[in-house]
Amino acid sequence: MSSKLALAEMLKHNEHWCSETHTLKPGFFKTCSEGQAPKVLWLGCSDSRVPESVVTKADPGQIFVARNIANQFNPDDDNVVSVLTYGVQALGVEHIIVVGHTSCGGMIAATNVATKGEAPGGALGRYLTPLVELAKSLKENEEAAKLEDADFVRLLTEESVKRSMRLIAASDIIQDNWAGKVSPLSGQVMSKISIHGWISDIGTGKLKDLGVSITAPGEDPTAVSLSG
């Protein structure tokens, strides 16, 4: 199929979806047009194989989303920090889920740089730098250093999710939320945030909860688990 036909097919599918949704859920689009109140912020990878609304069967309006190369949260990335700020302080999301996935090109590239020095250039190379540094630090562990590349990529994927979770938790946005400060965007004290880490297995389509949730001081992470 040519690229032009593929685009036409997308528009055709959209028409079908709109018609079907209107029939099954009358008033749905009117409700959507009046605002959004998602309870979840999803930080995922840009990979086309992990579309959050599809893999969770979510409707528009249910998930606030940030996606980038290798699902990273870096404090100097204004894009992802802006999403976090708006999601927490304006929309009042209650859960943040960092979602990595198997066969991630970003993780594979970072592993290749760490082990073979094969670095992509330009913006992509710069963006992968935190992952490369994480991969190098993991390689300092004797057991991790012995892993085959595929196993090391899996390890890096999970550790990168945990790293992003820690950085999110340490951000001023989350620290202010946990301290019960009034949101400058809503003028209200928002619900306290819980942060979770998942992995999407592209080979099965299934999402796995890593069981490493982070909550406000004094709260029980198991009480806010999304896996049970």
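Any read-out appearing in this document is the output of simple, stated calculations on the displayed coordinates, not a laboratory observation. Everything quoted here is computed from the prediction, not taken from an experiment. Every residue, glycine as well, gets a Cβ built from its backbone with ideal geometry; the counts of neighbours run over all protein chains shown.
Which residue is nearest to Pro75 (Cα to Cα), if the candidates are limited to region 138-152 and must be aliphatic (A, V, I, L, M) and not in a loop (DSSP other than H, G, I, E, B)? Residue satisfying both the conditions and the ranking: Leu138.
The one condition from (1) of a type in the set (A, V, I, L, M, F, W, C); (2) under 25 Å from Leu147 (Cβ atoms); (3) in contact with a Leu (Cβ under 7 Å, 6 or more places away or on another chain) that Cys104 does not meet is (3).
What number of residues within region 87-137 are assigned to a helix (DSSP H, G or I) and over 22 Å from the mean Cα position of the chain (by Cα)? Qualifying residue count, region 87-137: 8.
Taking Ala145, is it surrounded by fewer than 16 Cβ atoms within 10 Å (Cβ to Cβ) and touching a Lys or Arg at 6+ places or on another chain (Cβ under 6 Å)? Against the criterion (surrounded by fewer than 16 Cβ atoms within 10 Å (Cβ to Cβ) and touching a Lys or Arg at 6+ places or on another chain (Cβ under 6 Å)), Ala145 qualifies.
Of all residues in region 86-100, those being over 11 Å from Leu41 (Cα atoms) and buried (at least 24 other Cβ atoms within 10 Å of the Cβ) number 1. Contact map, region 11-40: first residue in contact (Cβ under 8 Å) with a residue 24 or more places away in the chain, second residue surrounded by 10 or more Cβ atoms within 10 Å (Cβ to Cβ) and among the aromatic types (Phe, Trp, Tyr), Cβ cut-off under 8 Å, separation 6 or more or different chains; pairs are Gln36/Phe64; Pro38/Phe64; Val40/Phe64. Anything in region 24-83 that is buried (at least 17 other Cβ atoms within 10 Å of the Cβ) and either aromatic (Phe, Trp, Tyr) or within 16 Å of Ile193 (Cα to Cα) (or both)? List them, or say none. The answer is Pro38, Val40, Leu41, Trp42, Leu43, Ile63, Phe64, Phe73, Val81, Val83. The residue that is surrounded by the fewest Cβ atoms within 10 Å (Cβ to Cβ), counting only those in region 177-215 that are without any contact (Cβ under 8 Å) to a residue 60 or more places away in the chain and at positive phi, is Gly187.
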